[in-house]
Amino acid sequence: MSETAVLVIDMMNTYEHRDAEKLTESVEKIVDPLARLISEAHQRDDVDLIYVNDNYGDFTATHHDLIRSALEGKRPDLVEPIVPPSECRFLQKVRHSAFYSTALEYLLGGLDVQRVILTGQVTEQCILYSALDAYIRHFSVVVPSDAVAHIDSELGGAALKMMKSNMNAEIISATDCLQ
C-alpha cells in the first residue's frame, strides 16, 4: 500500500488507427521519460504501478492479448520499453476515462492511494478525462508533461492548462514525479 500510484494509460496500442501517425510523433518523444518513470515506480515499495488500457471493443481480450497485439502492431519500438512487468496490476477500460466502468477507484481506495500520476495517451482525451475523474474523487493529480502524448499539440497544451487551472493538477517533468 502506498500514497502514490503511477497510472499508465492506453500505451498498449497497435498504432493502426486514423490518428496513429500524429500520435506516434508525440509518443516517440515521451517513451524514454515514461519508461524511466515506470522503471522507478516498479522498483519502489512506496509507489503502486497500474496500467489501464482500452480493450478496443474486444471483451474477450486478456491483458496478455492487448500486450501481444501492441507488440505485433506497427510500432513495437514504442511498446517494448514500457511493457508492463508480469506482476503489475492491469485494468481494462472501454471509454476515455480510466475510472469509467472500471475497478480503478475501488483499487486505489484499497491501496490507500491519495495521489495519482497520470501518464500515457492521449493528453487531450483519455488523460484529461481521467484527470477530471480523479479530481472529483478527491485524488491529488500529477501529470508529467513529458510522459503524456497528444494527437494535436495545441489541444494537448490546452488540456494541460485546463488540468492545472481547473483540477489543481501539478504539471511537472517525469523525473520530478517521485522525488
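Looking at the structure I just gave you, is residue 79 surrounded by 16 or more Cβ atoms within 10 Å (Cβ to Cβ) and either over 19 Å from residue 65 (Cα atoms) or free of Cβ contacts under 8 Å to residues at least 60 places away in the same chain (or both)?
It is false that residue 79 is surrounded by 16 or more Cβ atoms within 10 Å (Cβ to Cβ) and either over 19 Å from residue 65 (Cα atoms) or free of Cβ contacts under 8 Å to residues at least 60 places away in the same chain (or both).
Tell me the strands (runs of 3 or more DSSP E) entirely within region 61-179 that contain at least 3 residues that are under 19 Å from residue 33 (Cα atoms).
Correct list: 115-121, 140-144, 170-172.
Among the residues of region 137-156, which ones are more than 17 Å from the chain's Cα centre (by Cα) and either at negative phi or touching a residue at least 24 places away in the same chain (Cβ under 8 Å) (or both)?
Hits for region 137-156 are 137, 152, 153, 154, 155.
Go through region 11-51 residue by residue and tally those that are in contact with a Phe, Trp or Tyr (Cβ under 8 Å, 6 or more places away or on another chain), among the aliphatic types (A, V, I, L, M) and over 17 Å from residue 151 (Cα atoms).
The total comes to 1.
How many residues are touching a strand residue (DSSP E or B) at 6+ places or on another chain (Cβ under 9 Å) and farther than 15 Å from residue 84 by Cα when one looks only at region 1-32?
12
From the list 97, 86, 101, 165, exactly one residue is of a type in the set (S, T, N, Q) and within 16 Å of the chain's Cα centre (by Cα). Which is it?
Exactly one residue qualifies, and that residue is 97.
Would it be correct to say that residue 100 is aromatic (Phe, Trp, Tyr), touching a residue at least 24 places away in the same chain (Cβ under 8 Å) and in contact with a helix residue (DSSP H, G or I) (Cβ under 6 Å, 6 or more places away or on another chain)?
Criteria not met by residue 100.
Specify the residue that is modelled with the highest pLDDT; the eligible residues are those in region 1-51 that are of a type in the set (Lys, Arg) and in a loop (DSSP other than H, G, I, E, B).
Checking each candidate, the answer is 44.
Can you name every residue in region 1-38 that is basic (Lys, Arg) and closer than 15 Å to residue 173 by Cα?
Within region 1-38, 29, 36 qualify.
Scan 27, 47, 31 and give me the residue that is in contact with a helix residue (DSSP H, G or I) (Cβ under 7 Å, 6 or more places away or on another chain), within 18 Å of residue 143 (Cβ to Cβ) and either surrounded by fewer than 16 Cβ atoms within 10 Å (Cβ to Cβ) or without any contact (Cβ under 8 Å) to a residue 60 or more places away in the chain (or both).
Exactly one of 27, 47, 31 is in contact with a helix residue (DSSP H, G or I) (Cβ under 7 Å, 6 or more places away or on another chain), within 18 Å of residue 143 (Cβ to Cβ) and either surrounded by fewer than 16 Cβ atoms within 10 Å (Cβ to Cβ) or without any contact (Cβ under 8 Å) to a residue 60 or more places away in the chain (or both), namely 31.
Just checking, which of 134, 159, 174 is small (Gly, Ala, Ser), without any contact (Cβ under 8 Å) to a residue 40 or more places away in the chain and closer than 13 Å to residue 7 by Cα?
134
The values are calculated or read from the model by the stated rules, or taken from the named source; none is laboratory data. This structure is a prediction, so every number in the text was calculated from the model and none was measured. When we count neighbours, we look across all protein chains shown, and the Cβ atoms used for this are built from the backbone with ideal geometry, even at glycine.
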